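First the structure, in the form of structure tokens, and then the observations on it.
The values are calculated or read from the model by the stated rules, or taken from the named source; none is laboratory data. This structure is a prediction, so every number in the text was calculated from the model and none was measured. Neighbour counts are summed over all protein chains in view; Cβ atoms, including those assigned to glycine, are modelled from backbone coordinates with ideal geometry.
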Amino acid sequence: MLSEGGSFMKGMVVGGVFCLVLSLLGSFSPVTESKTDGNDHHHHHVKAASKDELQQLSDSRLQKLTDQLQVYCVVMVQPKSLVYWATALDTWTKHCDKAEFYTSEASKALEAIDLNEKDDWARLRKALKHAYENAGDIRWFFVAQPNTFAIIENLKYLVLTKDPEQPFYLGKAVKSGELEYVELNSGIVLSYEALKRLVNVFQEEEKCPERGRQLWKLSDDKQLAVCLKFTGVFAENGEDVHGKGLFNSKTVDSLISESMKQNPSNVVEGCCADLAITFSGLSANQMQVMMFGVYRLRPYGHDFHDLLTFFPPEGSDND
Amino acid sequence: MRPISVTFTIGLIFGYLSLRLLLTSMFPIELVSDSVKNEKNQLDAYNIHTEANQKTSSAENPPNSARILCWIMTGPRNLESRTKHVKQTWGKHCHHILYMSSVKTDFPTVELNVSEGRENLYWKTIRALQYIHQHHQDQANWFLKADDDTFVVIENLQYILSKLDPEKPLYLGRRFKPFISQGYMSGGAGYVLSKEALRRFVEGFQTGQCTHFSTIEDMALGKCMETMKVEPVDTRDVKGRQTFHAFPLDHYVIRQLPRPRPWHMIYDYYEPNEGPNCCSDFIVSFHYIYAVQQYVLEYFTYHLRPYGYSYRFRPDEIVEANNKTNKGG
């Protein structure tokens, strides 16, 4: 009897260990994603709300969210790229609730906030600090260069149900060694809370030096990630409901060319999101073409019955 | 059989099951795969929703909805590099589509009894229209000709055609003024013949009223149209902006300082505009659109959009408002 009990116990132990091993290998993965809890988002991608989620909100709540949703565009310009500057001014930045141009040095041709700063990172710091201090009621910040084309309505759609009192740092998230950061050339989105923490950490020279570390010179977007990381804010990839990236560091032409090689039978679907937010590396003419392509060109009779409404900006003739 | 191994096995199973139970009660599995499936269902529902909108909207058009037969002027050399991409993009929006070539293939292409070459373009057109008239005239009431480097938005063409009577002799496209007094339509920008216009073209060649007097295809066809009393239509939108275009978008929409007509607009019948007012929101065509650009335009037209954007141009509202003021005045 004793030997039978003993072998039973041995069997139990082996069975239990076997089960543990299996579960560790991944058949049970405890889910840490929480949909509504904004306090604690450890995942590194942020998705736009689905149609279902939006439909659950009342009309008045939806309207309130839309009205409160304003974007402050921080456009980093330089006189040497004057044509891009002028084109950005004439195209997509008209759709920002507030668009400020921050330049390295003053230009006689166009007005901007002159930061009088040659160093990229120092300039970005100054611009962000200025934006924070002049935000007014605006709670979302979008940082871009003038040869990026951004569709602000789609940016608003992405962050519509996100609370700006939570830290959000979104865009095209890339990894460089251990550091995950958002690429500047495809646009950086910061919530008010993220920007607030950033401006506060600017005062801590050891964590977030103004001139960058002497030994190795990180690019300005990586510096930003390092500083934000100290405040507990992490880079997240902005995606649509399908998981497709919304921030692109390339042009439409370039992405379509790639898709023609990778998905020859499904080029457009395999390429880019319908509600993409940014494309980058565009020439000034391409930006004017995009303005038409995005805000005007469409097939008669296709209605989308979107749940939000955004009106065209005043005094603009190309959208 | 040894009794020890039986109890061992029972113990094994018992141990496994009890630990599994313990683990599942500690970590509630949110069934990640299920939530993904749900999202997919939501997405599919969304897609169906938009497709349904498309269908109901076109039903809102007048009952005699334009049925368009598209025919593409192409040849064996271009099937792989150009025509294939037309087939995969806007070709799908045609009610019927025919690819006209000198050689029959499984593309599929229709064999016209004509060799390739620029000097044979008008012969190809004549044979193509005769072929369509003979075999397909009942399948459509409008006949669109396009090149293998033309991009067309069929829905926007339908919008224009829905207001016109296909039993009338009508001819649409990008109107040019030289050579023909009533003007003629650019070949590359694509042109459309009504059912009656097609009938008259074929009749013109049967009776000798129309001949192959020139190799310049679009101009020569325009001459035949004039001879057979087919009317050219002004296809500009209610704001006077063009719908058919003989060049890509960047030749028109880029802002320019006021200047005399550039070379590529010298032929235009109607005074062209440069900059944002060049072109209607409801573009019908562009020309010199190769491979990548076909997909780029497809993406801009049917996919990329600003969410929730209230478009400025609402022609139906303008027409309604005009009707109201006319009635009131």
Just wondering, is there one or more residues in segment A:279-293 that are modelled with pLDDT of 95 or more, closer than 21 Å to A:Leu158 by Cβ and facing chain B (nearest Cβ under 7 Å)?
-> yes
Expected single match for assigned to a strand (DSSP E or B), within 14 Å of chain B (Cβ to nearest Cβ) and crowded, with 18+ Cβ neighbours inside 10 Å among A:Phe149, A:Phe141 is A:Phe149
A careful count of residues in segment A:267-278 that are over 24 Å from B:Ser280 (Cα atoms) and within 9 Å of chain B (Cβ to nearest Cβ) gives 5
Reported set for segment A:23-44 where residues are part of a helix (DSSP H, G or I) and either more than 11 Å from chain B (Cβ to nearest Cβ) or at pLDDT 75 or above (or both) is A:Leu25, A:Gly26
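This table checks each residue for (1) crowded, with 24+ Cβ neighbours inside 10 Å; (2) at pLDDT 95 or above; (3) under 19 Å from B:Leu144 (Cα atoms); (4) touching a Cys at 6+ places or on another chain (Cβ under 7 Å).
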site: B:Pro169; (1), (2), (3), (4): no, yes, yes, no
site: B:Ile180; (1), (2), (3), (4): no, yes, no, no
site: B:Val192; (1), (2), (3), (4): yes, yes, yes, no
site: B:Glu196; (1), (2), (3), (4): no, yes, yes, no
site: B:Phe205; (1), (2), (3), (4): no, yes, no, no
site: B:His212; (1), (2), (3), (4): no, yes, no, no
site: B:Lys223; (1), (2), (3), (4): no, yes, yes, no
site: B:Arg241; (1), (2), (3), (4): no, yes, no, yes
Here the residues within segment A:301-315 that are at pLDDT below 95 and facing chain B (nearest Cβ under 7 Å) are A:Gly301, A:His302, A:Asp303, A:Phe304, A:His305, A:Asp306, A:Leu308, A:Thr309, A:Phe310, A:Phe311
In this structure, is A:Asn318 farther than 30 Å from A:Ser60 by Cβ, at the interface with chain B (Cβ under 9 Å from one of its Cβ atoms), in contact (Cβ under 8 Å) with a residue 40 or more places away in the chain and in contact with a helix residue (DSSP H, G or I) (Cβ under 6 Å, 6 or more places away or on another chain)?
-> yes
Mind listing just one residue for me: the one in segment A:273-301 that is touching a Lys or Arg at 6+ places or on another chain (Cβ under 9 Å), free of Cβ contacts under 8 Å to residues at least 60 places away in the same chain and part of a loop (DSSP other than H, G, I, E, B) and, of those, surrounded by the most Cβ atoms within 10 Å (Cβ to Cβ)?
-> A:Arg298
Within the group B:Leu161, B:Leu172, B:Leu193, which residue is under 30 Å from B:Phe300 (Cα atoms), touching a residue at least 60 places away in the same chain (Cβ under 8 Å) and within 14 Å of another protein chain (Cβ to nearest Cβ)?
-> B:Leu161
